[in-house]
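The values are calculated or read from the model by the stated rules, or taken from the named source; none is laboratory data. Keep in mind that what you see is a predicted model, and the values were worked out from it rather than measured. Don't worry about glycine lacking a Cβ; one is built from the backbone with ideal geometry, like all the others, and counts go over all protein chains shown. Keep in mind that these areas ignore ligands, DNA and RNA; they rest on the heavy atoms of the full protein, side chains included. Shrake-Rupley method; radii C 1.70, N 1.55, O 1.52, S 1.80 Å.
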Amino acid sequence: MSDDQGRAQPPADPLALSDASLTSWLAHLESLHPSGQCGIELGLERVLRVKDVLSQDLQCPVITVGGTNGKGSTCAYLEAMYSFAGYRVGCYTSPHLLEYNERVRIGRLPVDDSGLCEAFARVEAARQAAGGIALTYFEFGTLAAIEVFSSRQVEVLILEVGLGGRLDAVNAYDADCAVITGIALDHTNWLGPTRESIAFEKAGIFRAGRPAICADPDPPQSLLDQARAIGADVHLLGRDFGYFGDQLQWTFWARRGLRRSGLANPALRGAGQLRNASAALDAIELLREPLPVPMQAIRRGLIELDLPGRFQVIPGRPVVVLDVAHNPQALAGLAARLGEMPFCARTMAVVGMLGDKDIAGSLAPLAGKVDLWLLADLKVPRGTSSEVLEAVVKGTGLGGCVERFASPDEAFARSAELAGENDRIVVFGSFYTVAAVMRSMQNGR
């Protein structure tokens, strides 16, 4: 059996898999694409064919969130605010850090294994009924997440785009409100080499006559042209909504003279978080008729949340910072946040990256800011070696000493050996890198 691309498919019996564990199901998902969990194959045809067999029909408002950076934070704000307002909230994000269940949440809690397995079984049966269509790991997981949300009758659904927008599996579902957090260079092999080409792909989540929010302070013309062409209701940062404030509090403003004043600064750290929070608040205002949210829920949603791996500071000495930043814009933000931290004697960087990233451009903001680079191999599809990372660090004059390791957890163990109580260890470069170190810390290594 093969799909449109000619890939041979392993036989799968949905009845045999129906009682399988989540681990078995995830292994099955990985078997459907040569690159496993990392497989990327953009396009909606495969997802739509299986979706039709499943007869999926969402009965609640859908907010789709795309953008180069800030998607996870924006989803977290929306999820928290709607949850504190009393709604049954479904939220689908990716990738996960430690457990797959993190991707599919209801009421801010991961869905249990049984709920995911039941959904996987329904998707597998539909996939077979549609002719054994080959789905990527992300496509299969997206269809299954919608099955979970539909069966548990969520009242508002938040979907995070995986990659791009126009051809991402999430875009098989129409957004009642679409949010683009920002546009920067990343995934250029799939989305094109410029902000204009990337913005066009991201604008694919917009829908005619529906709110289309863009929190990028300088949106590319291609995004504006696409929104105009389909007749989306565009809301731009600085023109239709925005924010101002100081270190103590801030104010959100929007069309029609709306003001939300005296807001506490978000629990999530970084200058870009006010943009992300403002985009979330604008979405809430634009959907206030079907989904009213009181100010108390907004205030709680800003401060009563955490997002692991996003400038996550682990208390203790030495200070440990975990950040999944993996592209130039995100690493520039990380460098700025490190500069705002209290003095430290030395900075040690535990780094592992994927090979399709702009490694030199990503690491450039940290020039002269790292005393010791502990570079790790990432032994996953698309992962790169510590040798490649070393060549970039030394070849671009980033400064500091270099050591190489076979894995992120080995690199982190070495940093823990070397670090004094006044030093700091910064772990970044990929979700895989941060996840490996988090597991190591949990296991006491």
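Grab the DSSP H runs of the chain that are 4 residues or longer, score each as -39,500 (n - 2.57), total them, divide by all residues and round the 222 nm result to the nearest 500 deg cm²/dmol.
Theoretical 222 nm ellipticity from helices: -11000 deg cm²/dmol.
So which GluC sites (Glu not before Pro) in segment 361-429 are both in a DSSP loop and have at most 13 other Cβ atoms within 10 Å of their Cβ?
When the GluC sites (Glu not before Pro) of segment 361-429 are filtered for loop state and at most 13 Cβ neighbours within 10 Å, Glu421 remain.
At 7 Å along the Cα-to-beta-carbon direction for both Arg255 and Glu102, put a label point, then send me their distance in nm to one decimal.
3.7
Using the structure shown, select from Lys71/Lys369; Lys369/Lys394; Lys357/Lys379; Lys71/Lys379; Lys51/Lys357 the pairs with a Cα to Cα distance greater than 24 angstrom.
Going by Cα-Cα distance, Lys71/Lys369; Lys71/Lys379; Lys51/Lys357 fall outside the 24 Å limit.
Work out the length of the dipole vector of segment 279-376 about its Cα centre, built from +1 on the beta-carbon of each Lys and Arg and -1 on the beta-carbon of each Asp and Glu, and round it to the nearest 20 debye.
Roughly 320 debye for segment 279-376.
Given an 8 Å cut-off on Cα distances and at least 6 residues of separation, report the relative contact order of the chain as a percent.
15
Which Cα, out of Gln442, Ala335, Leu302, lies furthest along the positive dipole direction of segment 298-445 (beta carbon charges, K/R +1, D/E -1)?
Looking along the dipole axis, the top candidate is Leu302.
Quick check on segment 265-329: take the gyration tensor over C-alpha atoms, sort the square-rooted eigenvalues as a ≥ b ≥ c, and tell me if it's rounded (a/c under 1.5), prolate or oblate.
It comes out prolate by the Cα gyration axes.
Using the Cα atoms of the chain to build a convex hull, what is its mean projected area in square nanometres?
One quarter of the hull surface, i.e. the mean projection, equals 20.9 nm².
In whole Hz and in residue order, list the ³J(HN,Hα) couplings for segment 373-384 that follow from phi through the Karplus curve 6.51 cos²θ - 1.76 cosθ + 1.60, θ = phi - 60°; x for Gly and Pro.
Per residue, the Karplus-derived 3J(HN,Hα) values read 9, 10, 9, 10, 5, 10, 8, 9, x, 6, x, 10 Hz.
Carbon and sulfur together cover what percent of the accessible area of the chain at a 1.4 Å probe radius?
That share works out to 50 percent.
Write down the accessible area per residue of segment 370-445 in Å², having rolled a 1.4 Å probe over the full set of protein chains.
44
For segment 14-169, rounded, prolate or oblate, judged on the Cα gyration tensor with a ≥ b ≥ c (square roots of eigenvalues), a/c < 1.5 rounded, else prolate if a/b > b/c?
Cα axes put segment 14-169 in the prolate bin.
Please say if segment 317-445 is rounded, prolate or oblate, where rounded means a/c under 1.5 for a ≥ b ≥ c the square roots of the C-alpha gyration tensor eigenvalues, and otherwise the choice is prolate for a/b larger than b/c and oblate otherwise?
rounded
Once amide H atoms are built 1.01 Å from N in the peptide plane, which residues 5 or more positions from Val320, or in another chain, come under 5 Å H to H?
Ile314, Ile425
Please list, by residue number, every one of the GluC sites (Glu not before Pro) in segment 249-340 that is coil in DSSP and has at most 15 other beta-carbon atoms within 10 Å.
Glu304
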